[in-house]
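S.K.: Please read through the structure below; I'll follow up with questions.
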Amino acid sequence: MKRRHRLLAAAAGCAAALPAFADRMQSALHPRGSAASDIAFIWWVMLGGGVVIFVGVLSLLLYGLLARRRPAVRSHRVFVVGGGLVFPGIVLSALLVYTVIVGARLTAPPPPDALVVDVTGHMWWWDVRYEGAGGTALRAANELRIPVGRPVHLRVHSADVIHSFWVPNLAGKIDMIPGRVNRLDLLAQVPGTYRGQCAEFCGLQHTLMALHVVAMPPQEWEHWFAGRRGDAAAPVTQVAARGRQLFAEAGCVACHAVRGLSDPPAGLGPDLTHMGSRPSIAAGVLPNNRGNLAAWIASAQSLKPGSKMPSFHNLDGESLTALAAYLSELE
Ligand code: CUA
């Protein structure tokens with residue numbers, strides 16, 4: 001890979017990640033879900049306890065240094081047995097009991113009204129399937145929309161190597177292991193957009209494997225869900241209609257599903273039926289807008305080297321504009 005391309009990819013990664021930190025949309029210390037609150041509380045208890053013990057040990061050290069020339073008035077045994085065995089024994093046992101209780105709460109079976117979603121990790125994107133009464137009700141990619149206040153039961157899979165699903169504002173991490181189904185329960189308490197990140201090194205573009213979780217008020221979510229289950233929206237503008245034609249001619253349909261237009265084998269590439277309403281392109285590489293869509297189609301291999309999306313150098317500016325218009329109209 002050329003140095004310029006490497007720099008471009010690194011810059012794109014940083015640009016994509018920075019707003020997430022500024023907005024606290026990817027922070028375990030700003031919990032917006034019940035599981036994340038439990039985990040954050042343990043973290044604060046351990047930090048507070050750690051600070052108290054650290055200050056205590058340093059004070060004793062200072063005392064020992066200053067008092068070393070005076071005759072010993074304290075028995076060594078008090079410090080060795082009390083400070084070395086009894087005190088850590090009590091503290092660690094209390095922590096163990098507390099974390100076992102919280103762990104049991106985090107892994108309790110989901111209630112029957114939980115929304116069940118299958119999330120599959122691919123190198124390097126996320127396939128999202130919402131379960132309905134008769135199987136998959138809705139398929140999406142790199143974005144998970146959930147209703148606030150309703151338990152969500154995630155079944156996580158991997159299509160290739162080990163990934164890890166992690167949305168710090170909402171819950172802890174769970175590994176996505178090939179050939180195995182792991183489970184994670186979460187419940188969003190505050191509406192908002194939260195950034196998730198693959199948390200297990202999974203190859204060249206591990207950094208650029210992000211996922212946005214949008215927590216919506218329940219009624220808004222119901223409306224969104226019902227409205228997204230049909231076929232993709234037909235192009236409104238002429239340029240988008242030309243884009244749809246190119247989408248078929250240029251071979252995009254071989255990997256990308258757009259309901260009502262193309263139906264390739266599941267998992268080859270992200271489902272683009274509602275590409276226009278997603279916050280980002282290519283699992284967090286770029287913010288979603290027409291300019292970036294055109295740039296991504298023309299230079300995917302410069303922006304995310306090693307991904308399965310080829311760079312379409314052969315397309316001229318007019319074709320790229322048309323394709324970008326089509327995709328952004330797919331709301
Ligand atoms: Cu997938 Cu790291």
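S.K.: Counting only residues that are within 16 Å of the ligand (Cβ to nearest atom) and either more than 11 Å from the chain's Cα centre (by Cα) or more than 21 Å from ALA282 (Cα to Cα) (or both), how many does the range 185-202 have?
M.R.: Looking only at that region, the number is 3.
S.K.: A follow-up question, please. So, GLY306, is that one within 16 Å of the ligand (Cβ to nearest atom), touching a residue at least 12 places away in the same chain (Cβ under 8 Å) and part of a loop (DSSP other than H, G, I, E, B) or not?
M.R.: For GLY306, the condition - within 16 Å of the ligand (Cβ to nearest atom), touching a residue at least 12 places away in the same chain (Cβ under 8 Å) and part of a loop (DSSP other than H, G, I, E, B) - is met.
S.K.: Quick one: THR207 ticks every box in (1) at pLDDT 95 or above; (2) surrounded by 19 or more Cβ atoms within 10 Å (Cβ to Cβ); (3) over 16 Å from MET25 (Cβ atoms); (4) within 14 Å of the ligand (Cβ to nearest atom) bar one, so which box is it?
M.R.: (1)
S.K.: Can you name the residue in the range 115-142 that is in contact (Cβ under 8 Å) with a residue 60 or more places away in the chain and away from the ligand (no atom under 16 Å from the Cβ) and is also most open to solvent (accessible area, probe 1.4 Å) among such residues?
M.R.: Applying the filter and picking the extreme gives ARG139.
S.K.: What number of residues within the range 291-310 are surrounded by fewer than 17 Cβ atoms within 10 Å (Cβ to Cβ) and either of a type in the set (Phe, Trp, Tyr) or touching a helix residue (DSSP H, G or I) at 6+ places or on another chain (Cβ under 7 Å) (or both)?
M.R.: 1
S.K.: Regarding the range 152-164, can at least one residue be identified that is within 15 Å of the ligand (Cβ to nearest atom), β-branched (Val, Ile, Thr) and closer than 23 Å to HIS256 by Cβ?
M.R.: yes
S.K.: Can you report the number of residues in the range 122-143 which are in contact with a Phe, Trp or Tyr (Cβ under 6 Å, 6 or more places away or on another chain) and at pLDDT below 90?
M.R.: Result for the range 122-143: 2.
S.K.: Which residues, counting only those in the range 232-258, are in contact with a His (Cβ under 9 Å, 6 or more places away or on another chain) and modelled with pLDDT under 90?
M.R.: ALA232, ALA233
S.K.: Right, something else. I'd like to know if the range 249-260 contains one or more residues that are within 21 Å of the chain's Cα centre (by Cα) and crowded, with 19+ Cβ neighbours inside 10 Å.
M.R.: No, the range 249-260 has no match at all.
S.K.: Can you tell me how many residues in the range 229-241 are open to solvent by 50 Å² or more (accessible area, probe 1.4 Å) and closer than 20 Å to VAL128 by Cα?
M.R.: Selection size over the range 229-241: 2.
S.K.: Right, something else. If I ask for residues that are open to solvent by 70 Å² or more (accessible area, probe 1.4 Å) and either within 15 Å of LEU92 (Cα to Cα) or not in a loop (DSSP other than H, G, I, E, B) (or both), which ones from the range 28-52 would you list?
M.R.: Selection gives PHE41, TRP43, TRP44, MET46, LEU47, VAL51, VAL52.
S.K.: If you scan the range 262-279, which residues turn out to be farther than 15 Å from GLY251 by Cβ and of a type in the set (A, V, I, L, M, F, W, C)?
M.R.: ALA266, MET275, listed by residue number.
S.K.: Shifting gears a bit: Among (1) closer than 19 Å to THR107 by Cβ; (2) crowded, with 22+ Cβ neighbours inside 10 Å; (3) in contact with a His (Cβ under 9 Å, 6 or more places away or on another chain), where does LEU154 come up short?
M.R.: (3)
S.K.: With the requirement that a residue be assigned to a loop (DSSP other than H, G, I, E, B) and either within 16 Å of ALA257 (Cβ to Cβ) or in contact with a strand residue (DSSP E or B) (Cβ under 9 Å, 6 or more places away or on another chain) (or both), what does the range 112-140 give you?
M.R.: ALA114, MET123, TRP124
S.K.: Restricting attention to the range 158-175, report how many residues are assigned to a strand (DSSP E or B) and open to solvent by 40 Å² or more (accessible area, probe 1.4 Å).
M.R.: Total satisfying the criteria: 1.
The values are calculated or read from the model by the stated rules, or taken from the named source; none is laboratory data. Just so it is clear, the structure is predicted and the values come from calculations on it, not from any experiment. Reconstructed Cβ throughout: ideal geometry from the backbone, glycine too, with neighbour counts over all protein chains shown. The area values use the complete protein model at the heavy-atom level, side chains included, leaving out ligands, DNA and RNA. Shrake-Rupley method; radii C 1.70, N 1.55, O 1.52, S 1.80 Å.
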